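What follows is a set of notes on a single structure, which appears directly below.
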Amino acid sequence: MRRIREGFIVDDEDEGNDDEDDAESDTEIRRERKHRSDRSKDRSDSPSHDKLDEDDLDLLMENTGVAVDSDKPKFKRLKRGADDSSRKHRDLSEIFSDRESGDEESADEDEHAGSARRRLDEFDGFIEDDEFSGEDEDERRARLQERRRAKPKSTAASAETLELAGIDPEQLNEFYEVFGDGEEYAWALEVEEDADPLTQLGEDSEVPELKEVFEPSELKARMLTDFDNEIRIKDIPERYQVLHASYGDIQELSPEEFQQEVIFITSAMNSLYGHRLREELLVPFQQSVAKCVEFIVKNKYEVPFIWRHRKDYIVYYPPAETEVEGEATKPEELLSLDDLWHLVYLDFKFQAILEKYRTVHTLYDNLHISAPLVEDHLKSGQNASDLQDCLDYLNFYYSAEVRNYFDTEKEAVKHKRPRGRTSNYEKLRNSEVYNIVKSFGITAAQYGENLVTGTKIHTAEDPDLMPHDLCEKIKRGSEDEIVESFFTAAQLLGAARNLLAEEFAHDLRLRKYIRNDVIWRYSYIDVYVTEKGRLLITKSHPYYEFKYARNRMFSDMDQNPELFLKMLNAEKSELVQVKLVIPSYDKFIEKLANDFLLSENYSEVAEKWNEERVAVLKLALSQIVKSTSAVVKEELRAMCEQKLAAKCRSALLKKADQAPFCPRGYENGTIPRALCLTNGRGEPGKDNIHAVLMNEKGIIIETLILQDLRSPDNINSLVELVQNRKPDVIGIAALSVSGDNLFRELKKIVSMHNLKVELEDSADVDMDENNGYNDTSASQLPVIWVQDECARLYYGSERAREEYPSLSQFERYCAALCRYLQSPLKEYASFGQDLTNFSFHKDQSLLPKEILQTALESALVDVACLVGVDINEALSNSREASLLPYIGGLGPRKSSGLINALNKLGGSLGARQDLIQNEILGEVIFRNCASFIKILSLPGNTRHTEPLDATRIHPEDYELAVKMAADALELDEEDLVDIDSGGGAIAQLFREGTEKLNELMLEGYAEELKRKFGILKRNTLDMIKDELQNNYGELRRNFHILNKNEVFLMLTGEEPSNLEPGTVVSLSIRKIMNRVLIVQLACGVTGTVNAYDMTERTDIMHPSTLFHVGQSVQGKILKMNYETFKAEISLREKDVAKARKTQTFSRDPAIWAIDEEKKDNEELKQTQEAKKNVIRTINHPLFKPINGQQAEQYLARMQRGDLVIRPSSRGKDHIAITWKVADGIYQHLDILEKEKDNDFSVGGVLIVGGKKYTDLDELIFMHVKAMAKKVDEMTNHDKFQNGSKADVDKYLITFTQANPRRSAYSFCYDHKRPGYFLLCFKAGLKASLETWPVKVIPNGFQLQKNTYPDMNQLCNGFKRILTAQAEKMH
């Protein structure tokens, strides 16, 4: 009983925190030059937190957004005094208003202990609150309702707790349905009513753990699981830990293993880039790769640290003797940033291989066998396929030993257990059948040795008898049961042939040769369309580009990786078959047989045995090629996914690597004051013009709403706003092409009213170089288009509503545009995991989300580390803090822990070294992130501030920086001591001028460091010099001004290449005039059709006789103006018919099956003509002369149960009905007609699903509508989940993890079989997930061949079946 109440907590009412309303007036805000700003910020001290335990509670509060008052305890223990009458009458609903940490199943266990003992443990408590008791579903519901009537619930006390746990109050009823209402615990509270509260809550009381407060799914979402906490604690970069989590913890490598990895990665990089390098760069390249592997594996350095502080190891300086006198030495980059990230991926790949190697090696050692071939293969194996071969070999030849080992260990086998045929192999090997195998005269091992050496070391020996005669002899004289089981000698010979083929197929050397030396080197890709694909993949289908692809080389996929991924997707959808083909396969087999297998004797017997040997080789190669092709295709998939992900990374890098829009006359990197406008979708009379002005600190200081810009009053309002607030730039974006009119009107207003930028006296106004725009007037206020992809995803989001609750949607849209102008990087970084929702490549949907997310994250890491994070600013500014997870060594978990730790220490960081001295970061993480965390002078800070903390110089190089400063100032050691009190040599250098650094000979100093200490610092010295002269100077590319094609894409959603002249498009007629038609494309582009281009007919007096407003027509684009969004269109039939069709793929006969394509087109044409000749019609209002696919499109917007009757492709005595089961799910019913008067009449008897009906109306009502009602009943049941099977499985896993001794079940749609549902269940934490199909029938459901009339009966029947199975197992 103590367990039930221990750890209960109740929240005190939160004290309101005063909001900081320090909005600054416009006159008080002045833009400050970069590196000269005061950077004073109002910061509120971060409150300290009481313990949940302390660290967990801090993380909990941070992730839930609940503030904690440090003066009062956030949580108070349950107290119960003798005079507390309210405690005595407390009802059960109030229990759940507190935080419950007790064992919620204990009452259930007592209540049902009798029946539970009769079942297996894994079925205890099944299912949720639907236990296997005697009560049926109706009784269970009645019991729950009675409980709630007896104890009315109070939500006042539970509101705060539910908010803390992330539970929506509207979902409270569902909460009680799943977890119960706590009635079971009433006895516990009543029995202990008189217990001493001091005894209850003494020192031994357990503090509730987070997993007792939150569901596992919530903990995972908030990154508060044990796994997340381990990542926070370990002194290893977070991204490395997450990447390697799939195979366990990152383990230290032995020297031999590390050397293997160096060889593996160097070999992989050589194959990728070796052929592109000059000969003199090959050795330096390999040395550079090896050194970077050491940095990543041994030192745990992340890519940003290597790129910034170990760059000397990835660049090549030509030898001194090759330098030209008077010319500076130009280093050559051996590895790029992309290459370094690829090294990280290769390290992950090797670690996965190493994990498998350890597993296979452990298995081999524990079998206590001697297999030299396996030992040699394990030593030379360089990939997972080699190791899998070893595993298959052991399972095949030593299956008995493998089974005995795992039976002894009594553990689940992660390897492939010996298959059935392996057991047959043991039996056949120990029988006389194996004598026939020996008669083939050569073993698999001997053949493998011949193959590897390239010579016929072992020659096949021929028996005296013919193969068939030998088998007859053995069969007649054998008493072996296995031999006697074969009826004929031919069967016996076939068994021996198959047995030897199996041995050949498992030979390690033959497998490796076929995979590495044949398939990877010489095979090509052929695509064969299936019957399904032949019909579905039309010329407009995206898969048509490879429908008849032939002879495609692997190298073709290097530049076009998405093509192969599409092929595999099409194969998964059963539209095509993707085959890896070995050229001249028959000749290849003949060569392998002649060179290494066949007997050299010349006789009829030798000839027959050679035929059998060739047959064995063909069987073995068929098996090897099939299995190896599957492996190679998966490896190709992985390669193509990485290449496509790299393209997406490059696209994001280009977008994020932009400096803020630079105000005229200021240094690049200065934050602009931005005014952004939009007219939304531009619908007249509906969408106003919204304007938002944001100052340099990211604070919105004014908003404006205008109906239009035609009214003088509205224009004056806008002009007054600009003149008073003095923005540096006006940004425009919109959701339709109507935004172009707004843009032109604004440009006109700026020009007419001579609106200018406020410039400093010494401003350099040549901004064409800085930002890419070129106005005629250098001081005129720029009006530019702003990329709005971030704003489109942001303005309707929950995050936008939280950040700007008082703004309208389009004002939030404008706010996002302003923020983009001020920092594109921060805008993209703020989306976190939602980055994958952006479009970086048209085929990025082919990538798994995890791979895409990792690639995109690496791009933001590169740019964030280029910019750095002002850590003290991040403590109070969420936008600055959004960059922290992308700093080297950190991630979302470690960055939140860092922020939390700094808040505890006073809410600021005075020096980088404090991160180590206060044990906030470990040594590895500190080394990775230190130089990317910048610390500027804090107002009121009396402590000496290290000026180098505001630079990109790493603390490990501070001594070098001081040495350089001293040398530049020509100071000796005594001088350094004298000036130490004044800030040291660095401060003295800043006072006297950093240009003195230009006089230093850094090359000689670098050579001295290399000679004395063996370290490379030449590039580092150059970086230190740059930082001392311009600390954290802007290194990003200049802000990109959109060109006309990019604006066209933003406003229309169409790539300009898709609307080139000659393209056929769908049009809607908007206006009809005498000589002109005004039309509009779906993307919003307006087109004109001149009289000549309307039609080829000459008898048309007026266009209205042919066309009407709103009519949809097909037209050909004659001209397209991408700046004005205007097009000239032709509707002439000949123009449309002869329109140029863009062909983006080659139909070269060498790589395209032209003959097959022609044949399929002719057959399709004949089929279509045949259908046109005979079109069956049925006199019924629901009949449509359409096919199944068209029926689904027709029903897409209709309700469940709606249907269409259509012709059937099965013949004249069949009708088809398609009815809508759910969105995207349609069932096609085949109806057999009997007693037909003729081919076109409806049969007098209609048979469907074994049931007979007399007419269509009866069938619709009694069959289709009856099933639709049952679908409604299923979907309205509380056990139904409207998600995929994966979603339901995830829920069941989560539920059983939270309730280890209970079980759960749910229903969901079967998307693969319309008309069926899936019953998914998990009988306890350790039980596996199981799925049973449930068929919907008229007026009922079918489960396990049993029929149930309603959902209650179905649920009860399911429980009875499962209970019976459990008792039977027991």
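Within region 1082-1104, work out how many residues are within 27 Å of residue 740 (Cα to Cα) and either open to solvent by less than 60 Å² (accessible area, probe 1.4 Å) or touching a Leu at 6+ places or on another chain (Cβ under 7 Å) (or both).
Of the residues in region 1082-1104, 7 are within 27 Å of residue 740 (Cα to Cα) and either open to solvent by less than 60 Å² (accessible area, probe 1.4 Å) or touching a Leu at 6+ places or on another chain (Cβ under 7 Å) (or both).
Identify all residues within region 1274-1290 that are open to solvent by less than 60 Å² (accessible area, probe 1.4 Å) and touching a residue at least 40 places away in the same chain (Cβ under 8 Å); write none if there are none.
Listed by number, the residues that qualify are 1274, 1275, 1277, 1279, 1289.
Kindly indicate whether residue 1107 is crowded, with 17+ Cβ neighbours inside 10 Å and under 34 Å from the mean Cα position of the chain (by Cα).
So residue 1107 does not fit the description; no.
Among the residues of region 487-544, count how many are over 27 Å from residue 431 (Cα atoms), small (Gly, Ala, Ser) and open to solvent by 50 Å² or more (accessible area, probe 1.4 Å).
Number satisfying all stated conditions: 1.
Okay, residues lined up against (1) at pLDDT below 95; (2) surrounded by fewer than 22 Cβ atoms within 10 Å (Cβ to Cβ); (3) not β-branched (Val, Ile, Thr):
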position: 831; (1), (2), (3): yes, yes, yes
position: 834; (1), (2), (3): yes, yes, yes
position: 838; (1), (2), (3): yes, yes, yes
position: 841; (1), (2), (3): yes, yes, yes
position: 844; (1), (2), (3): yes, yes, yes
position: 848; (1), (2), (3): yes, yes, yes
position: 851; (1), (2), (3): yes, yes, no
position: 861; (1), (2), (3): no, no, no
position: 870; (1), (2), (3): yes, yes, yes
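Quick check, is residue 927 modelled with pLDDT under 90, open to solvent by 10 Å² or more (accessible area, probe 1.4 Å) and basic (Lys, Arg)?
The answer is no for residue 927.
Would you mind stating whether residue 799 is among the basic types (Lys, Arg), closer than 17 Å to residue 734 by Cα and either at pLDDT 95 or above or surrounded by fewer than 21 Cβ atoms within 10 Å (Cβ to Cβ) (or both)?
On the way: among the basic types (Lys, Arg): yes; closer than 17 Å to residue 734 by Cα: no; either at pLDDT 95 or above or surrounded by fewer than 21 Cβ atoms within 10 Å (Cβ to Cβ) (or both): yes.
When the stated conditions are applied, residue 799 does not pass them.
Which ones in region 592-614 are part of a loop (DSSP other than H, G, I, E, B) and not charged (D, E, K, R)?
597, 598, 599, 601, 602, 603
Would you check which residues across region 231-266 are open to solvent by 70 Å² or more (accessible area, probe 1.4 Å) and outside any helix (DSSP H, G or I) and list them?
Those that are open to solvent by 70 Å² or more (accessible area, probe 1.4 Å) and outside any helix (DSSP H, G or I): 249, 251, 252.
Which one of these does residue 1266 not meet: (1) surrounded by fewer than 20 Cβ atoms within 10 Å (Cβ to Cβ); (2) farther than 17 Å from residue 1185 by Cα; (3) in contact with a Gly (Cβ under 7 Å, 6 or more places away or on another chain); (4) not charged (D, E, K, R)?
If we test residue 1266 against (1) surrounded by fewer than 20 Cβ atoms within 10 Å (Cβ to Cβ); (2) farther than 17 Å from residue 1185 by Cα; (3) in contact with a Gly (Cβ under 7 Å, 6 or more places away or on another chain); (4) not charged (D, E, K, R), just (3) comes out false.
Just to be sure I understand, how many residues within region 892-911 are crowded, with 22+ Cβ neighbours inside 10 Å and either of a type in the set (Lys, Arg) or outside any loop (DSSP other than H, G, I, E, B) (or both)?
Summing the residues that are crowded, with 22+ Cβ neighbours inside 10 Å and either of a type in the set (Lys, Arg) or outside any loop (DSSP other than H, G, I, E, B) (or both) in region 892-911 gives 6.
Show the residue pairs that are 6+ apart or on different chains and have beta-carbon atoms under 6 Å apart, the first residue being within region 1047-1071 and touching a residue at least 12 places away in the same chain (Cβ under 8 Å), the second being open to solvent by less than 60 Å² (accessible area, probe 1.4 Å) and of a type in the set (Phe, Trp, Tyr).
Final answer for the pair search is 1047/785; 1048/1122; 1056/1048; 1056/1122; 1069/1107.
Looking at this structure, is residue 1209 assigned to a loop (DSSP other than H, G, I, E, B) and open to solvent by 80 Å² or more (accessible area, probe 1.4 Å)?
Answer is yes for this residue.
Quick one: would you say residue 1077 is open to solvent by less than 100 Å² (accessible area, probe 1.4 Å) and touching a Phe, Trp or Tyr at 6+ places or on another chain (Cβ under 8 Å)?
So residue 1077 fits the description; yes.
Is it the case that some residue within region 588-602 is more than 23 Å from residue 457 (Cβ to Cβ), open to solvent by 30 Å² or more (accessible area, probe 1.4 Å) and touching a residue at least 40 places away in the same chain (Cβ under 8 Å)? Even if it seems obvious, please write down each step before you answer.
Initially, region 588-602 is screened for residues more than 23 Å from residue 457 (Cβ to Cβ), giving none.
There is no residue in region 588-602 that is more than 23 Å from residue 457 (Cβ to Cβ), open to solvent by 30 Å² or more (accessible area, probe 1.4 Å) and touching a residue at least 40 places away in the same chain (Cβ under 8 Å).
Would you pick out the residues in region 1317-1370 that are open to solvent by 10 Å² or more (accessible area, probe 1.4 Å) and in a helix (DSSP H, G or I)?
Correct list: 1352, 1353, 1356, 1359, 1360, 1361, 1363, 1364, 1365, 1367, 1368, 1369.
So in region 695-713, with the set limited to residues that are under 25 Å from residue 881 (Cα atoms) and of a type in the set (Val, Ile, Thr), which one is most open to solvent (accessible area, probe 1.4 Å)?
Looking at residues that are under 25 Å from residue 881 (Cα atoms) and of a type in the set (Val, Ile, Thr), I get 699.
Restricting attention to region 961-984, report how many residues are modelled with pLDDT of 85 or more and open to solvent by less than 80 Å² (accessible area, probe 1.4 Å).
8
If the requirement is being more than 22 Å from residue 607 (Cβ to Cβ) and in contact with a Leu (Cβ under 7 Å, 6 or more places away or on another chain), which of these qualifies: 457, 482? It would help to see each step written out before you state the result.
Details: 457 fails: in contact with a Leu (Cβ under 7 Å, 6 or more places away or on another chain).
Result of the check over 457, 482: 482.
Consider only pairs whose beta carbons are under 9 Å apart and that are at least six residues apart or on different chains; among these, list those whose first residue lies in region 500-515 and is within 13 Å of residue 442 (Cα to Cα) and whose second residue is among the polar types (S, T, N, Q) and part of a helix (DSSP H, G or I).
501/622; 501/623; 504/623
Could you check region 549-564 and list, in sequence order, the residues that are free of Cβ contacts under 8 Å to residues at least 24 places away in the same chain and part of a loop (DSSP other than H, G, I, E, B)?
Residues satisfying the conditions are 555, 560.
Among the numbered conditions (1) open to solvent by less than 20 Å² (accessible area, probe 1.4 Å); (2) more than 27 Å from the chain's Cα centre (by Cα); (3) within 21 Å of residue 1263 (Cα to Cα); (4) not hydroxyl-bearing (Ser, Thr, Tyr), tell me where residue 1310 comes up short.
So the condition that residue 1310 fails would be (2).
Inside region 503-533, can you point out the residues that are touching a helix residue (DSSP H, G or I) at 6+ places or on another chain (Cβ under 6 Å) and part of a helix (DSSP H, G or I)?
Within region 503-533, 503, 504, 505, 508, 509, 510, 511, 513, 514, 515, 519 qualify.
Return the only residue of 884, 866, 905, 860 being under 24 Å from residue 306 (Cβ atoms), without any contact (Cβ under 8 Å) to a residue 24 or more places away in the chain and not polar (S, T, N, Q).
Within the list 884, 866, 905, 860, the selection yields 884.
Suppose we keep only residues that are of a type outside the set (Phe, Trp, Tyr) and in a loop (DSSP other than H, G, I, E, B) within region 360-400. Which one would you say is least open to solvent (accessible area, probe 1.4 Å)? Step through it out loud before you land on a result.
Initially, region 360-400 is screened for residues of a type outside the set (Phe, Trp, Tyr), giving 360-363, 365-392, 394-395, 399-400.
When the remaining residues are screened for being in a loop (DSSP other than H, G, I, E, B), the result is 368-371, 381-383.
Working: 368: 155, 369: 36, 370: 90, 371: 5, 381: 20, 382: 77, 383: 41 Å².
That would be 371.
Going through region 1075-1090 one residue at a time, which ones are outside any strand (DSSP E or B) and either of a type outside the set (Lys, Arg) or in contact with a His (Cβ under 6 Å, 6 or more places away or on another chain) (or both)?
Within region 1075-1090, 1082, 1083, 1084, 1085 qualify.
The values are calculated or read from the model by the stated rules, or taken from the named source; none is laboratory data. None of these values were measured; they are calculated from a predicted model. For neighbour counting, all protein chains shown are included, and Cβ atoms are generated from backbone atoms with ideal geometry for every residue, glycine included. The protein model used for the area step is the full one, side chains on, heavy atoms only, and it has no ligands, DNA or RNA in it. Shrake-Rupley method; radii C 1.70, N 1.55, O 1.52, S 1.80 Å.
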